Amino acid sequence: ATAFFLGFSMCLGLWLLSCDSEFAFHLGLYVFVLAFFHTSEFTVVALYDPPNCSVNSFMVNHSSAYHIATAASFTEFIVEYYFFPSLKTCSVWVLGLVIVVAGECVRKAAFYYARHNFTHLIQDAKRPNHKLVTTGIYSYFRHPGYFGWFWWSIGTQVLCMNPICTLAFAYASWAFFHGRIPFEEQKLIEFFGDEYIRYRKQTPILIPFIPTL
């Protein structure tokens, strides 16, 4: 059912993109971007970590806060388009598309290099085949998957030209990772000890104002 819904959403997005209407174009682009993201999340797990692939790998139902945020973004887009159309006439959406594509590429590169070591949930115990990945994109900065998602989420709202949700998504994403990353890094120190401490000293996070242990 989830796969069908996302497939239908991508087709709907493409159809709206083809319509002769600015409203339909921008709405369709947003629908397609969202559906593509969730479909690609499942796809990379299926490719690189099949034993842990499930319907949860679509990342559609990971939190009620995400559903509320998504509903708020659609609401702001529609309300502003009809009542404050001047907010939707600038070309800033192109910048949003660039941010979205860049964030998506960085996140999927993180999957590619980490493979089965990349999980959607923080692990409480070290798996037998869990290795510390420090090559590829991980050699430039820590947590590239988080970095990609952080900027992807902000980019979606720039894409929609949603000023309120752009600020709200930026803060909500930052607050989420402000709590998650230090907790995860403590776990990684427990798993890998000095190896992770050395890696941490050599590579930044690149999400602003995230505390380091």
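On the basis of the beta-carbon distance and an R0 of 45 Å, K131 and V94 show a calculated FRET efficiency of 0.70. In order along the stretch 140-145, the Karplus-derived 3J(HN,Hα) couplings, from 6.51 cos²θ - 1.76 cosθ + 1.60 at θ = phi - 60°, round to 9, 7, 7, 6, x, x Hz, and Gly and Pro are given as x.
Across the stretch 148-163, the residues whose backbone nitrogen lies under 11 Å from the label position 7 Å along the beta-carbon direction of L87 are 161-163.
Under a 5 Å amide H cut-off, with hydrogens placed 1.01 Å from N, H143 pairs with nothing among residues at least 5 apart or on other chains.
With R₀ fixed at 35 Å, the C-beta to C-beta distance from D20 to M59 puts the FRET efficiency at about 0.55. Of the accessible area of the chain, with the probe set at 1.4 angstrom, what percent is carbon plus sulfur? That share works out to 70 percent. For I210, no residue whose modelled amide H falls within less than 5 Å of its own remains once neighbours fewer than 5 places apart on the same chain are excluded. Estimated from helices alone, the mean residue ellipticity of the chain at 222 nm is -23000 deg cm²/dmol (sum of -39500 (n - 2.57) over DSSP H runs with n ≥ 4, per residue).
Scattering from the chain was approximated by placing one identical point on each alpha carbon and applying the Debye formula without solvent; log10 I(q)/I(0) at 0.12, 0.13, 0.16 1/Å stands at -0.67, -0.78, -1.12. When you restrict to C-alpha pairs under 8 Å that are six or more residues apart and normalise by the size of the chain, the relative contact order lands at 19 percent. In sequence order, the stretch 60-77 has phi-based couplings of 7, 10, 7, 6, 5, 4, 5, 4, 5, 5, 5, 4, 5, 5, 5, 4, 4, 4 Hz under the Karplus curve 6.51 cos²θ - 1.76 cosθ + 1.60, θ = phi - 60°, and Gly or Pro positions carry x. Stretching S139 away from F4 to a fully extended chain increases their span by 44.9 nm, per 0.36 nm per residue minus the current alpha-carbon distance. Residues in the stretch 127-137 carry Karplus couplings, in order, of 6, x, 9, 7, 10, 7, 9, 10, 9, x, 5 Hz; the curve used is 6.51 cos²θ - 1.76 cosθ + 1.60 with θ = phi - 60°, and Gly or Pro positions show x.
The values are calculated or read from the model by the stated rules, or taken from the named source; none is laboratory data. Since the model is a prediction, treat every value here as computed from it, not as a measurement. Here the Cβ is made from the backbone with ideal geometry for all residues, glycine too, and neighbour counts use every protein chain on show. Keep in mind that these areas ignore ligands, DNA and RNA; they rest on the heavy atoms of the full protein, side chains included. Shrake-Rupley method; radii C 1.70, N 1.55, O 1.52, S 1.80 Å.
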